[in-house]
Structure formats: C-alpha cells, structure tokens
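The values are calculated or read from the model by the stated rules, or taken from the named source; none is laboratory data. Remember, predicted model here, so these are calculated numbers, not experimental data. No Cβ is skipped: glycine too gets one built from the backbone with ideal geometry, and neighbour counts run over all protein chains shown.
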Amino acid sequence: MTEPTSTKPYMVRAIHEWCVDNNMTPHLLVVVDSHARVPMAYVKDGEIVLNLSYGATKDLQIDNDAVIFSARFGGNSQNLYVPMHAVKGIFARESGQGMFFEVGPAPQPNNSVEKAGASPETQQKVTNIKKPSLTIVK
C-alpha cells in the first residue's frame, strides 16, 4: 500500500485562495535550505517571508512538490523555487491568519537525475513520473 500524499500543498493552495478571495495579501514563510532558490540577501535567521499575491508574482505555480514563481527584488527579476518541505507557513499579512506547518528534512534522492544535480524543474518532472499499475476490478 502506498502512503497518501501530504496534505500540506493542498492547505497552502487553500489558504492562498482564501487570502485572495478576501482581498488579503498571502505571505509564505520559508525555512531556507540548500534546495530553496530565494534571494539570500533577504534571508534572516534562516527564514524568508515571500509575498505570494498575484500582483507581486509572475507565473505563480503551487503544486504538490514546490512553490515556483518569478518576483522582483530590488528591481531585479528572480526565479524562485521553494520546495514544499521548506514551507513553514502561509498567512494573510493583514490579519496574520493562516496555517503553519512542521518543517521536515528534505526528501532523500531517489533517482539518478537528482543525484546527478539536475535542475529542480527537471527533478520535479522525473519525480512525477509514475510506474504503470494494474488493478483487478470484479
């Protein structure tokens, strides 16, 4: 029996949508590790808070593995990659309401692409490939 997927990415997407629907600004609290690509100049005590509003981001994608988007920092556009394991919380700037999570260790490499140092986007595509399976239906 396979282990069910984490509820964390679903909760992150739900709180983000709730913030947007209520005209509040969603912010993501991230514990920065070697897997996260964020502007290091803005990291304090190993954490960074990122504005996830549609006005502050470009091509925002929140999937089960990561939060990916482009944003401007100091006038320079940067591509950000936040693995889901590094997300510590998502909340509305205006009210502080949201959801916070335990931050676990990064998943262990389980394929040759990740071990070879492929980009996170490539790793994500390879990780999402599932082996075919058959189910007997009576």
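Could you list, ordered by first residue, the pairs with Cβ atoms under 7 Å in which the first is in the range 27-46 and closer than 19 Å to Phe91 by Cα and the second is in a loop (DSSP other than H, G, I, E, B) and charged (D, E, K, R), at least 6 apart or interchain?
Between residues of the range 27-46 that are closer than 19 Å to Phe91 by Cα and residues that are in a loop (DSSP other than H, G, I, E, B) and charged (D, E, K, R), the close pairs are His27/Arg93.
Any residue at all in the range 107-124 that's among the polar types (S, T, N, Q), within 13 Å of the chain's Cα centre (by Cα), surrounded by 10 or more Cβ atoms within 10 Å (Cβ to Cβ) and at pLDDT below 95?
yes
Does Met24 satisfy the criteria of being assigned to a loop (DSSP other than H, G, I, E, B) and either modelled with pLDDT of 95 or more or touching a Cys at 6+ places or on another chain (Cβ under 8 Å) (or both)?
For Met24, the condition - assigned to a loop (DSSP other than H, G, I, E, B) and either modelled with pLDDT of 95 or more or touching a Cys at 6+ places or on another chain (Cβ under 8 Å) (or both) - is met.
Being hydroxyl-bearing (Ser, Thr, Tyr) and under 21 Å from Ser95 (Cβ atoms) is the filter here; which residues of the range 47-76 pass it?
Ser53, Tyr54, Thr57
Condition check: more than 29 Å from Pro4 (Cβ to Cβ) and either among the β-branched types (Val, Ile, Thr) or out of contact with any strand residue (DSSP E or B) (no Cβ under 8 Å at 6 or more places or on another chain) (or both). Does Gly46 satisfy that? Lay out the reasoning, then the answer.
Details: more than 29 Å from Pro4 (Cβ to Cβ): yes; either among the β-branched types (Val, Ile, Thr) or out of contact with any strand residue (DSSP E or B) (no Cβ under 8 Å at 6 or more places or on another chain) (or both): no.
Considered against the rule, which asks whether it is more than 29 Å from Pro4 (Cβ to Cβ) and either among the β-branched types (Val, Ile, Thr) or out of contact with any strand residue (DSSP E or B) (no Cβ under 8 Å at 6 or more places or on another chain) (or both), Gly46 comes out as no.
Table: residues versus (1) aromatic (Phe, Trp, Tyr); (2) free of Cβ contacts under 8 Å to residues at least 40 places away in the same chain; (3) in a loop (DSSP other than H, G, I, E, B).
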| residue | (1), (2), (3) |
| --- | --- |
| Leu50 | no, yes, no |
| Ser53 | no, yes, yes |
| Gln61 | no, yes, no |
| Asn64 | no, no, yes |
| Phe69 | yes, yes, no |
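Could you list, in sequence order, all residues of the range 1-26 that are over 13 Å from Ala92 (Cβ atoms), more than 12 Å from the chain's Cα centre (by Cα) and hydrophobic (A, V, I, L, M, F, W, C)?
Met1
When you go through (1) among the aliphatic types (A, V, I, L, M); (2) more than 16 Å from Ser6 (Cα to Cα); (3) modelled with pLDDT of 60 or more one by one for Val103, which number turns out not to apply?
Val103 satisfies all of (1) among the aliphatic types (A, V, I, L, M); (2) more than 16 Å from Ser6 (Cα to Cα); (3) modelled with pLDDT of 60 or more except (2).
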